[in-house]
Amino acid sequence: MRVYDSRSTAFGAEILAATDGRGVDLVLNSLTGEGFIEASLACLAEGGRFVEIAKRNIWSAEEMAAARPDVAYRILAVDAITLSEPARIRAALGEIVARCVGGKTSATAGDAMAAGRDAGGDASHALGQADRQDRAAGAAAGIGRFRSGAQLSGDRRPRRDRVWQVAGWLADRGARHIVLNGRRAPEAAARSAIEALERRGVAVKVALADVSRAEQVDAMVSEIEAEMPPLAGLFHSVGVLSDAALVNQSWESFEQVLGPKVLGAWALHRATLDRDLDCFVLFSSITGVLGNAGQANYAAANAFLDQLARHRRALGLPGQSIAWGPWSGGGMAEEQRQRIEAQLRASGIGWIDPSRGLEALELLLRQDVAASTVLPADWSVMAAGGSGRSCRNSRRRPGRRPFRPMAGSDSASARPTTRPAGRSSQSGLAAK
């Protein structure tokens, strides 16, 4: 048995090489990002069988027949069968268990790794192995004289993560004391970024704490007060994924996602209630605004951040929540870019260039918007309801024009500052 990386389309060629060009007889597919179905077909033998269990961006029977008329193609709605024919599913699972117990079938060997906020560097290798596997990104949250969040461990290569971009942006605007929080000591890439800040005259403190544990957050804030100037601002940036269809979610999978975002934000809120902060910024996600299949737990966590910002403002405290679209050049979305590119395009959502993202951040901070959404939007697609989401042909939509930064109040989405005559919409970097 061989296991291949499903985060890129290289597996198609690798499988062909491993089978001396013959390919496999059966493909059970759930990968529908740009090029993935084609890669699976490339390694499917002549006259093979292709069973599709995905729900979005799948091929129709006509499309499959046009591409590979020799293939037996079937779209299998596993969720519907589970609800309508539970006895059939139970019998099939029972047969599998019996074969394993009887030694006729062996389970795939694997390594057990902690998920959620306890996952470390080794967890990065588990990404993309299966849709049901819990996926964790290194927990990140931030405090400082202007405090920023940083992913301090878990990376095996340098990359321009958003938290480091924000830390650099703070330094550009005069912050001279920054505290970076993580659960473990920084690894090589993080140390290099810290040294770069220090060469610019910034005093950087690394505070180790799990932000989902209130007692650790309290101790961290007390330590900051004892060693550094008064706390002036806070940026909370954390992301953990544990994706699955809602019927397959468990409370454990919700806890893995809610802990760092919800408990972490609440602990930071409680620990700084009596501090005179200039800003308290929560980095949320468009998933909490628009939703996303398989991410009910992540949507709930981000929606909480939006409400916490409003709660703080009702108390007379600073509070802002920014629901970001996907950033290019680093972060969880970038890691899955090849898989989700077509889905985002069909939904009318583009990628945020880091420089434009920082422009939007500064604009929103200056305008003091309570809850906002930032994403490059193709308004014509979004106005149509993102109807291309389940249609493969939507990938052929013409490219979008360059977006423009915009901002509006907390109560309504911003409109484009200009609209070409005869057109009802245009692309833009929207800030709500």
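Compared with the direct C-alpha span, the chain from A10 to V24 gains 3.5 nm at full extension, assuming 0.36 nm per residue.
Hey, with R₀ at 25 Å, roughly what FRET efficiency would R49 and W251 work out to, going by the Cβ-Cβ distance, to 0.05? It comes to 0.10. Cα centroid separation, region 236-264 to region 52-99: 28 Å. For E223 and C279, what does the FRET efficiency come to when R0 = 22 Å and r is the distance between their Cβ atoms, rounded to the nearest 0.05? Efficiency for this residue pair is about 0.60. The ranking of V51, V262, V240 from fewest to most other beta carbons within 10 Å of each one's beta carbon is V51, V262, V240. Cβ-to-Cβ counts within 10 Å put Y73, Y4, Y298 in ascending order as Y4, Y73, Y298, the fewest first. Between R199 and S60, the distance separating the two model label sites (each 7 Å from Cα on the Cα→Cβ line) works out to 5.7 nm. Compared with the alpha-carbon gap, the fully stretched path from D79 to R99 is longer by 4.8 nm at 0.36 nm per residue. Annotation: for a label point projected 7 angstrom from Cα along Cα→Cβ of R90, no residues of region 243-281 have a backbone N closer than 15 Å. Here T9, T373 are placed in order of increasing Cβ neighbour count within 10 Å, fewest first, which gives T9, T373.
Read the figures in this text as sums done on the coordinates, not as results from a lab. Keep in mind the model is a prediction, meaning the values are calculated, not measured. Every residue, glycine among them, receives a Cβ derived from its backbone with ideal geometry; neighbour counts consider all protein chains shown.
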